[in-house]
Amino acid sequence: MMRSYAVAAFVLGLTMPLAAADPVDIAARTELHAIQTLTLSDKQFLSGDSEAKATTVSGQLRLPAATGRLPVVVLVHGSGGMGANIEMWAREFNAMGIATFAIDGFTGRGLTQTSTNQALLGRLNFILDIYRGLNVLANHTRVDPQRIVLMGFSRGGQAALYASLKRFHQLWNKSGVEFAAYIPFYPDCATTFAGDTDTADKPIRIFGGTVDDYNPIALCKAYAERLKAAGRDVQVTEYPNAPHSFDNPLGALTATLSPQSQSVRNCKIVEEPVGTLINAVSREPFTYKDACVALGPHLGHDPEATRQAKQAVTTLVRTVFKMN
């Protein structure tokens, strides 16, 4: 008799649906939104010239299981495209009850990566994509437009950093909304823009590694000192053993050479005159054929730096979003 009950229970278990898992880091709803933007040169961006190629990129909005208008973190990928760190951070924020909006600036432009040829796309295109994405969020019924934070990585980190410039907002941000904070991860800080200490009156928090030989954090520390002198709320967090892309959970634990990736770590780029980026050494317009452009930076994952960065970032967004 006992065996009969056991068999019956086994069969019943096969025929009854299993209880649905409810992990908090999985979005309750995901939406894909078209972002109407432009593909333009850096010179066009800097001068406010909108006579450029109309382009549609996309943003993935992940809404956690929560009600009402939600805070959002906008995520912007680097030169390698939408990597595993975007997914990791999206889940981290979704678990906190925060929506995420990951902007894919490559696929709509027919690109998969720019690491080995950064000239394929002007560096400042991502800033315009961000502002156009902000317009999408400002009009979404589930988004609290007063609680949106910008976070980017590498090329996207550079965009997240300089999207704070008031000058760029005045030229391109037509959404009527501003970010509550800016969080650039290992951004390229090799360029000095006109008026680049006149930033939004919001927190700017830069994260990077001492051993990063792709986008050296020393350049960002120098920029941060100029921002502090101008009275801006900026902090740099430096992790001693963290290489470039240290928060990529699929990265190698020992940083590995990326032999064909281009880095401007040895360059000094200046906007002079306004609207033109020049090589400060040659005094000629900067190009990725300049002698200062280096190859072969290292990429890797640092679990401890990632753990600490998660703690710092989640504490920051909780504070900015006034979450308990």
Computed on Cα atoms, Rg of the stretch 241-296 relative to 2.2 N^0.38 Å comes out at 1.48
Set Lys53/Lys174; Lys166/Lys310; Lys202/Lys228; Lys166/Lys268; Lys53/Lys289; Lys174/Lys322, cut-off 21 Å on Cα-Cα distance; pairs above it are Lys166/Lys310; Lys166/Lys268; Lys53/Lys289; Lys174/Lys322
Expected unfolding gain across Leu295-Lys221 under the 0.36 nm per residue rule, minus the alpha-carbon gap, is 24.4 nm
For the pair Glu238 and Ala138, the simple spin-label estimate (label points 7 Å beyond Cα toward Cβ) gives in nm 3.7 nm
Between (i) 6, 26, 34, 20, 6, 4, 2, 1, 0, 0; (ii) 5, 17, 18, 12, 14, 15, 12, 6, 1, 0; (iii) 6, 27, 35, 23, 8, 1, the structure-derived P(r) over Cα pairs in 10 Å bins from 0, in percent is (i)
For the stretch 23-105, percent of DSSP beta bridges that are antiparallel (nearest 5) comes out at 75 percent
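Pulled fully out, how much extra length does the chain show between Thr67 and Leu250, if you take 0.36 nm times their separation in residues and subtract their Cα-Cα distance? Let's see the in-between values first.
Details: separation 183, 0.36 × 183 = 65.88 nm, distance 3.28 nm.
So the extension gain works out to 62.6 nm.
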So Thr210 and Gln170, fully extended at 0.36 nm per residue minus their Cα-Cα distance, gain in nm 11.0 nm
Expressed in square angstrom to the nearest 10, the accessible area of Ser41 with a 1.4 Å probe stands at 50 Å²
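So for the chain: antiparallel DSSP bridges make up what percent, rounded to the nearest 5? Working shown, then result.
Values: 26 of 53 bridges.
Restricted to the chain, the bridges split so that about 50 percent are antiparallel.
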So, with points 7 Å from each Cα along the Cβ direction, the Glu272-Glu51 label distance in nm works out to 2.9 nm
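If we count every other residue with Cβ under 12 angstrom of Asp233's Cβ, Lys/Arg +1 and Asp/Glu -1, where does the sum land? Please list the in-between numbers first.
Details: positive: Lys202, Arg205, Lys228, Arg232; negative: Asp201.
Here the count lands on +3.
If R₀ is 22 angstrom, what is the calculated FRET efficiency for the pair Lys310 and Leu32, using the beta carbon separation as r and rounding to 0.05?
Numbers: r = 26 Å, r/R0 = 1.19.
That gives a FRET efficiency of 0.25.
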Heavy-atom accessible area with a 1.4 angstrom probe orders His244, His298, most exposed first, as His298, His244
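In terms of solvent-accessible area of protein heavy atoms at a 1.4 angstrom probe, what is the ranking of Val74, Val274, Val236, highest value first?
Working: Val74 5, Val274 105, Val236 45 Å².
Descending order: Val274, Val236, Val74.
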Counting only protein heavy atoms with a 1.4 Å probe and every protein chain in place, the carbon and sulfur fraction of the accessible surface of the chain in whole percent equals 55 percent
Residue-normalised value, i.e. accessible area per residue, for the chain at 1.4 Å probe, in Å², stands at 45 Å²
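The values are calculated or read from the model by the stated rules, or taken from the named source; none is laboratory data. Keep in mind that what you see is a predicted model, and the values were worked out from it rather than measured. Don't worry about glycine lacking a Cβ; one is built from the backbone with ideal geometry, like all the others, and counts go over all protein chains shown. Calculation scope for accessible area: heavy atoms of the full protein, side chains included, ligands and nucleic acids excluded. Shrake-Rupley method; radii C 1.70, N 1.55, O 1.52, S 1.80 Å.
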